[in-house]
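So the structure is just underneath, and the comments pick up after that.
We did not get these values from a lab; they are worked out from the coordinates using the rules stated. No experiment lies behind these values; they were computed from the predicted model shown. In this analysis, Cβ positions are derived from the backbone assuming ideal geometry, glycine residues included, and neighbour counts consider all displayed protein chains.
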Amino acid sequence: MPGILSFAFTLMLTIVVTVDQTLHHLTMANSESTKDHGNRMFLWCSTRSLSSAFTKCVSFMEGAQVWFEPYTSCFLNFLFSAPEHMARFPKLDIMKGQMRDATEQMENFDHYFDGGNLTPSSHFNYDWLQEQLEKPLAEGKSFMFVKDTASCADGFYDKLPRIPFRHTFIIRDPCKIAKSCHAMFKEVFDHKRESCRESFDMYESNPFRNWDRLSRDPLYSLWKYVKESLDPHPVVIDADDLQNCPDQILRMYCEAVGIPYKEKYVEWPEGDKSLKYCYGPLDQMVSWGKRKGIYSVAFASSCFHPISGEKPSFEDLTPDARRYAEELREGYEEMYPTRIKPVYLS
């Protein structure tokens with residue numbers, strides 16, 4: 001019996017040591033992986049959620065290498081290049097024409113974005129982007145920040161980088177998003193002002209809102225995927241908190257993702273000339289996005305302004321906006337309690 005007990009003890013000790021060595025190896029491997037690839041993170045959003053202003057803020061943080069909506073450009077090229085998609089969504093032809101005009105404008109006129117990091121949108125596809133995001137950080141950069149809409153990665157999770165990235169999320173009240181999206185899609189798809197606010201339906205011929213290949217709420221779907229497969233506690237921030245308590249939210253976000261924080265980050269220079277040093281689709285960002293008013297306010301920003309005025313009520317939304325707000329409700333209500341909270345709400 002003593003011999004059996006001795007053997008059992010030795011076997012148990014061997015297992016413990018082996019497990020400990022394995023865990024140590026995995027920890028070191030993860031550490032080396034982060035060391036090898038640098039600090040990298042995504043900020044995923046729904047459209048119209050203050051994400052562009054947040055991205056401009058991050059672009060002025062020391063050591064930042066910022067990508068602006070590269071998956072959006074890949075998704076647009078995926079749509080525009082397939083005749084079956086263009087046939088299914090006739091209004092896409094309007095958007096494709098706008099993008100073509102934007103490209104020609106950037107090619108035919110001098111602009112102050114020459115010599116920067118922006119790339120013509122025609123270069124963007126999912127395989128190419130995956131390779132770009134896996135490249136070493138640019139010289140002098142200490143972290144990579146990639147901002148994009150979750151809908152444009154929906155169905156393409158296999159094209160996400162195959163090296164370590166943190167996945168973070170920004171959410172916003174569904175009624176605010178829905179009201180703003182209605183106005184944005186009307187500007188894009190009804191640029192001739194042929195319909196009034198009430199009669200325009202943002203679901204009509206719109207692959208971003210009415211396509212069965214996309215999740216009902218792509219941001220919520222991606223958040224659940226990240227929780228289940230990559231990170232059980234992904235960082236979430238709320239746009240209203242960011243506006244009302246920017247110093248707290250920025251500090252806590254930076255601490256959560258490993259960016260050294262400085263108080264000066266709550267303000268940044270006005271104007272869009274700094275965009276040339278971001279990585280992203282040149283014509284989509286600078287020409288099309290600004291002309292359609294999609295990015296103009298964010299690009300002109302210099303700080304986050306506290307919320308003023310009444311929150312839009314569900315009853316005051318147009319029927320299509322109400323439908324969209326309802327689609328976002330479940331995800332917002334589940335993600336909201338997990339967000340980084342300002343001190344006065346903790």
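Here are the numbers for the structure shown:
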{"quantity": "Residue-span extension gain [residue 323 to residue 310] - 0.36 nm each, minus C-alpha spacing", "calculated": "2.6 nm"}
{"quantity": "Quotient of Cα Rg and 2.2 N^0.38 Å for region 113-269, N being how many residues it contains", "calculated": "1.22"}
{"quantity": "Kirkwood Rh and Cα Rg combined as Rg over Rh, evaluated for region 284-344", "calculated": "1.05"}
{"quantity": "Per-selection Kirkwood Rh - region 48-115 (Cα, Å, 1 d.p.)", "calculated": "14.7"}
{"quantity": "Estimated FRET transfer efficiency when R0 is 45 angstrom, pair residue 96-residue 233 (beta carbons, to 0.05)", "calculated": "0.65"}
{"quantity": "In order through region 312-324: 3J(HN,Hα) via Karplus (6.51 cos²θ - 1.76 cosθ + 1.60), integer Hz, x for Gly, Pro", "calculated": "x, 8, 4, 5, 7, 6, 5, x, 5, 5, 4, 4, 5"}
{"quantity": "Per-selection metrics, the chain (Cα): Rg and Dmax in Å", "calculated": "22.8, 92"}
{"quantity": "Region 98-193: chymotrypsin sites (Phe, Trp or Tyr not before Pro) in DSSP coil with no more than 16 other Cβ atoms inside 10 Å", "calculated": "109, 112, 156"}
{"quantity": "Principal-axis tilt of helix 2-37 within the chain, Cα atoms, nearest 10 degrees", "calculated": "30"}
{"quantity": "The chain: angle of helix 246-257 to the longest principal axis, Cα-based, in degrees nearest 10", "calculated": "50"}
{"quantity": "Furthest towards positive pole of dipole, 61, 150, 210, structure part the chain, Cβ charges", "calculated": "61"}
{"quantity": "Longest exposed-site-free window of the chain, the sites being trypsin sites (Lys or Arg not before Pro) in a DSSP loop that have at most 12 other C-beta atoms within 10 Å", "calculated": "1-161"}
{"quantity": "In region 233-331, the GluC sites (Glu not before Pro) that fall in loop regions by DSSP, at most 14 other Cβ within 10 Å", "calculated": "270, 310"}
{"quantity": "Nonlocal amide H pairs with residue 166, under 5 Å, H built at 1.01 Å", "calculated": "40, 41, 42"}
{"quantity": "Amide hydrogen neighbours beyond the local backbone of residue 119, cut-off 5 Å, H modeled", "calculated": "280, 282"}
{"quantity": "Nonlocal amide H pairs with residue 66, under 5 Å, H built at 1.01 Å", "calculated": "145, 279"}
